[in-house]
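The values are calculated or read from the model by the stated rules, or taken from the named source; none is laboratory data. These figures come from a predicted structure and were not determined experimentally. No Cβ is skipped: glycine too gets one built from the backbone with ideal geometry, and neighbour counts run over all protein chains shown. Each accessible area value is taken on the protein alone, full model and side chains, heavy atoms only, with ligands, DNA and RNA left out. Shrake-Rupley method; radii C 1.70, N 1.55, O 1.52, S 1.80 Å.
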Amino acid sequence: MNMLNKNSVKELKQNKRINNFADGIAAAFFDSMRYDPTVLAFGLGATDPKNIFGTMAGLEDEFGNERVFDTPISENAMTGMAIGLAISGYKPVLTHQRLDFSLLSIDQIVNAAAKWYFMFGGQQSVPLVIRMIIGQGWGQGPTHSQALQSWFAQIPGLKVIMPAFPKDGYNLFRSSIADPNPVIFIEHRWLHQMSWNGEGRVVSPTQLGKSNQISTGSDITIVSNSIGSVYSHHAANILKKYNVGVEVIDAFNLRDFDINSISKSVAKTGRLLTVDFSHQFCSIGTEIIAQVLPLNFADLKIAPERIALPNFPVGTSFNIEKDFYFSTIDICKKIESMLNVTFPNIDDELKEYQSSSKKRFDGPF
Amino acid sequence: MKQEPITIEDFKEFFSKIVRIRTIEQAIAERYHAQEMKCPMHLSIGQEGPAVAISMQLNASDKMLSTHRSHAHYLAKGGNLTMMISEFFGRETGCSGGMGGSMHLIDKSCGFEGATAIVGNTIPIAAGVALSQKLSKSKNITVVCFGEGATEEGVFSETLNIASVKNLPLIFFVENNSYSVYSPLAPRQSINRHITKISEAHGIKSLKGNGNNIEEALAISLEATTYVREKRKPCLIELETYRYLEHCGPNNDDHIGYRTKKEIDFWKSYDVIANAKKAIKELGVSPDSLEKLIQENTKEEIDNAFREATLAPFPKIERSISYEYA
Ligand SMILES: Cc1ncc(C[n+]2csc(CCOP(=O)(O)OP(=O)(O)O)c2C)c(N)n1
Ligand SMILES: [Mg+2]
């Protein structure tokens, strides 16, 4: 496993030892905590030898066990405690190794964190980040792999951020920590191994943005997030060979995506596909389409489509998983059908892509 | 903040404060029928003792959090009366800008950090407030008030555990009025379950007494606050008490029969104001003129608060949109 170890703090400082997305999260923690002494980092397993897939490696050594600590398996109390810290001058970051575990803290997230600023008439904000990792694949099964981003995105008062590329992971995490509101920061586990060398680390984070356009094209607009944006970006690159222009908008800010640029893009392409790794029912893709339709009804050449996960839980068996999740291949095929064309030899092209694309997550948990 | 032994002055202060709170709560109950305070209201009448006893041991920099039934806590801690009443009237000038109502009170100027309406909700939040005091090496402490019903929530036990693990300067302040809405203790808690034993099992010093008994309430509050301040460790207090009115609303609901007459009569004969009066008399001071004076002063305060509240503007919906994000 490509993880930072506890001796690697110096190297982290010097920008060495950053090889991937997971290291980038550790670097973002490191930089946030170095420049802001009110930032705290805790969560179940935060200081164990694996440091949450390496994403919190070295932090305890550098910042001490008052600022960085392991917790009891008490998600609701830990979230409440984080809120209490946040209303008392601190900026806590609480990490869940699986999004699924955060479900034991829904009261604190929805009834307290999301409401505090509102229900007390704007007197006290809650600068809190809750990191949740979506652990799809390797037989994680029905209760260790859920992508419930649209749950959180429906709650006023929460911000929901899902980064795609490693540098976005770093920057958006920095911005989320600096934000005065509760931010649900969701990392797809498959992103953790994506390469990044730490170039472009900053002293001061920027304000949280809305969306990024990551590919340009005039035939179809894809709006996606997280790993879906990575795959869509790959698909856009592959389809360039077929002279198909895919415009990909990475709508990483799930409650506050940039509807204007999405609408502008759809006005240009006349086609819209959403890509989101969650159940399709009531998904973010559904919301995006609902917002685009009245704005671009006359521009649309075909009906908008969604790529998402089936509306039933994922079974653990490897054989089920491989059909449950989608990939770049499925995005290319979907575009093929939406454009009503055939891409010659696309299967060979995709096979080559598949063998060149990195292993993403090889267990055991 | 009083750390020295309890004196006659403490008794008088306690008495004055419970009389003030009851007078206010009764005025709210009386005026509630005008239907201008359009929000659920959990009055503290009968339960003033615990709130005042603990607050007398706190200063404005100590923090307090509470629940749906928080008027007495808010007032005892020093919360602004006009802003509380304005909140009930849903006005822009309310302590929560009209967004919270009776169940969401806050007055940060006196360390009342917030009360929320989900049972058990503020218990872990108070642990975070206490942890912030620990991390910033503050000398202050945090008190979280809640009913015995909230001890049935899992988060109560979770928070006892973390408070003990982290040695938080936190007082778990349980007001046991034997009821959750209409439900008595029997279907909710085994008779072999003792709240103080749950906290003791987590290594937390735990004290229990009768909150309507002035000596007991004051002595326990003093002991607990002294301990938490000096030892920087958590403590749990359970004070028994009784609410006189319905769970939610301004009326008496004794006729619907979920509480026995015997029980009601017992508690009314053990009223905190009557008890305090007796205790003061025994110390050779007549409480009657003091009571009268407090009632008169409070009435004036109340009239002013209600006048200001009803003159204040209502918030517009645009304002509520602006409170979505900081
Ligand atoms: C999680 C939750 N469940 C149920 C309720 C409804 N409810 C409001 S107050 C209350 C009773 C709480 O009893 P207790 O904690 O003893 O406080 P008391 O009202 O006696 O002061 C209940 C069940 C709620 N607000 N929150
Ligand atoms: Mg009760």
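Remarks
- Conditions (1) under 20 Å from B:Asn251 (Cβ atoms); (2) open to solvent by less than 10 Å² (accessible area, probe 1.4 Å); number of the one not met by B:Met56: (1)
- Subset tally (residues that are over 19 Å from B:Ile85 (Cα atoms), of a type outside the set (D, E, K, R), within 14 Å of chain A (Cβ to nearest Cβ) and loosely packed, with under 13 Cβ neighbours inside 10 Å) for the range B:279-321: 2
- For the range B:161-176, taking the residues that are open to solvent by less than 10 Å² (accessible area, probe 1.4 Å) and in contact with a strand residue (DSSP E or B) (Cβ under 9 Å, 6 or more places away or on another chain), the one that is farthest from ligand 1 (Cβ to nearest atom) is identified as B:Pro169.
- Where a residue in the range B:202-230 is under 17 Å from B:Val272 (Cα atoms) and its partner, wherever it lies, is hydrophobic (A, V, I, L, M, F, W, C) and open to solvent by 50 Å² or more (accessible area, probe 1.4 Å), with Cβ under 6 Å and at least six apart: B:Leu218/B:Ile6
- Scan of the range A:91-115 for residues that are open to solvent by 30 Å² or more (accessible area, probe 1.4 Å) and either in contact with a Phe, Trp or Tyr (Cβ under 7 Å, 6 or more places away or on another chain) or assigned to a loop (DSSP other than H, G, I, E, B) (or both), ordered by number: A:Gln97
- Check on A:Ile331, modelled with pLDDT of 95 or more and either surrounded by fewer than 18 Cβ atoms within 10 Å (Cβ to Cβ) or under 23 Å from A:Thr216 (Cβ atoms) (or both): yes
- Taking the listed residues A:Asn197, A:Asn181, the one that is at pLDDT 95 or above, outside any helix (DSSP H, G or I) and surrounded by fewer than 23 Cβ atoms within 10 Å (Cβ to Cβ) is A:Asn181, with no other qualifying.
- Pick from the range B:101-160, criterion at the interface with another protein chain (Cβ under 10 Å from one of its Cβ atoms), open to solvent by 30 Å² or more (accessible area, probe 1.4 Å) and among the acidic types (Asp, Glu), ranking: nearest to the chain's Cα centre (by Cα): B:Glu153
- Looking at A:Val93, A:Val129, A:Val110, just one residue is more than 11 Å from chain B (Cβ to nearest Cβ) and under 30 Å from B:Arg319 (Cβ atoms), and that residue is A:Val129.
- Scanning the range B:177-204 for residues that are among the basic types (Lys, Arg) and either within 16 Å of ligand 1 (Cβ to nearest atom) or crowded, with 18+ Cβ neighbours inside 10 Å (or both) yields B:Arg188, B:Arg193.
- Look at (1) away from chain A (no Cβ under 11 Å); (2) open to solvent by less than 10 Å² (accessible area, probe 1.4 Å); (3) away from ligand 2 (no atom under 16 Å from the Cβ); (4) small (Gly, Ala, Ser) and you find that B:Gly94 fails only one, number (1).
- Which listed residue, of B:Thr241, B:Thr260, is of a type in the set (Ser, Thr, Tyr) and either within 16 Å of ligand 1 (Cβ to nearest atom) or buried (at least 17 other Cβ atoms within 10 Å of the Cβ) (or both): B:Thr241
- All of (1) without any contact (Cβ under 8 Å) to a residue 40 or more places away in the chain; (2) within 29 Å of A:Gly141 (Cα to Cα); (3) part of a helix (DSSP H, G or I) hold for A:Thr71 with one exception: (3).
- Scanning the range B:129-158 for residues that are of a type outside the set (A, V, I, L, M), touching a strand residue (DSSP E or B) at 6+ places or on another chain (Cβ under 8 Å) and away from ligand 2 (no atom under 16 Å from the Cβ) yields B:Gln133, B:Asn140, B:Thr142.
- For the range B:208-326, the helices (runs of 4 or more DSSP H) that sit wholly inside it and include 2 or more residues that are touching a strand residue (DSSP E or B) at 6+ places or on another chain (Cβ under 8 Å) are B:214-231.
- When restricted to residues that are assigned to a loop (DSSP other than H, G, I, E, B) and either in contact with a Ser or Thr (Cβ under 8 Å, 6 or more places away or on another chain) or of a type outside the set (D, E, K, R) (or both), the range B:155-207 contains 21.
- Qualifying residue in the range B:171-187 (condition: more than 15 Å from ligand 2 (Cβ to nearest atom) and modelled with pLDDT of 95 or more): yes
- Considered as a group, the residues in the range B:22-45 that are within 12 Å of the chain's Cα centre (by Cα) and surrounded by fewer than 24 Cβ atoms within 10 Å (Cβ to Cβ) include one that is farthest from the other protein chains (Cβ to nearest Cβ), and that residue is B:Ile45.
- Counting only residues that are under 19 Å from A:Gly285 (Cα atoms) and of a type in the set (Phe, Trp, Tyr), the range A:148-172 holds 2 of them.
- Hey, B:Lys63 away from ligand 1 (no atom under 16 Å from the Cβ), within 14 Å of chain A (Cβ to nearest Cβ), modelled with pLDDT of 95 or more and under 24 Å from B:Asn212 (Cα atoms) or not: yes
- Residues located in the range A:75-89, provided they are open to solvent by 10 Å² or more (accessible area, probe 1.4 Å) and among the polar types (S, T, N, Q): A:Asn76, A:Ser88
- Yes/no for B:Ser16 being surrounded by fewer than 24 Cβ atoms within 10 Å (Cβ to Cβ) and small (Gly, Ala, Ser): yes
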